[in-house]
Amino acid sequence: MFDEYTPEAKRSVFFAHGTARQLGSDVVEGVHLLLGIARENIELLNRFLSASVSESTLQGEVTNGVSTSGADILADIPFSSESKRVFSLAAEEAIRMSQQRVGIEHLLLGLLREENSVAARMLRERGADVARIREELLTHPHQPPPKEERMRREIEKLHKIMADAPRLGPDRSREEMFGRYTVRAHRLIFFARVESRTGAVTVVSRWIVD
């Protein structure tokens, strides 16, 4: 399914999966996909909202005081029926716009079309509308940010993660060390694991700039 997704859309799904696992969910729901889109490109999301919103604001509304589980971001969890419907609707939107690949903008439209979902409600409350988004995309198609700009943003975020990371000793358990880590911090650990196993420095840069 995801072979036909753009790099932005693939990363959005990746972030959604990590967020769902971090929050202790057994499945990836539509609301996790919304947070994945926000994590990947909050500017795109704000383009279609009546007022700008931050990624942290959206995540705070979703979690609403629920503590993160600190679970392993590499653990596999399935997509819910709701998420699968969103993927199907996103594919329909791509076809409707004569696009060969499913983009992040099509995922957004798919979320809105899953009308009874929490994600759709959150988007509608902020002024998002399927017809208006379609019309605007027809006249002004979505353009991903340049790779250099994306790399700059990711480096800034990683620096912040490292600056905010708790100073824990090497004798602490995995749960003590990573129990309070956000999905972003777990993502950094994920990249470190991959590099240590393969020696492929390009792994990190591929996820950052592709």
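The values are calculated or read from the model by the stated rules, or taken from the named source; none is laboratory data. Just so it is clear, the structure is predicted and the values come from calculations on it, not from any experiment. Cβ placement follows ideal geometry from the backbone for every residue including glycine, while neighbour counts extend to all protein chains displayed. With ligands, DNA and RNA removed, areas are computed over all heavy atoms of the protein, side chains included. Shrake-Rupley method; radii C 1.70, N 1.55, O 1.52, S 1.80 Å.
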| Rounded to the nearest 10 Å², what accessible area does residue 139 show when all protein chains are kept and the probe is 1.4 Å? | 90 Å²
| field | Estimated inter-spin distance, residue 46 and residue 131, nm [label 7 Å along Cα→Cβ] | value | 2.8 nm
| message | Modelling each spin label as a point 7 Å along the Cα-to-Cβ direction, I'd like the residue 54/residue 96 distance in nm, to one decimal. | response | 3.3 nm
| query | For the residue pair residue 121 and residue 64, what label-to-label distance in nm results when each label sits 7 Å from Cα along the Cα-to-beta-carbon direction? | reply | 0.7 nm
| note | Largest-first ranking of 1, 97, 122, 151 by accessible area, probe 1.4 Å, whole protein assembly kept, is 1, 151, 97, 122
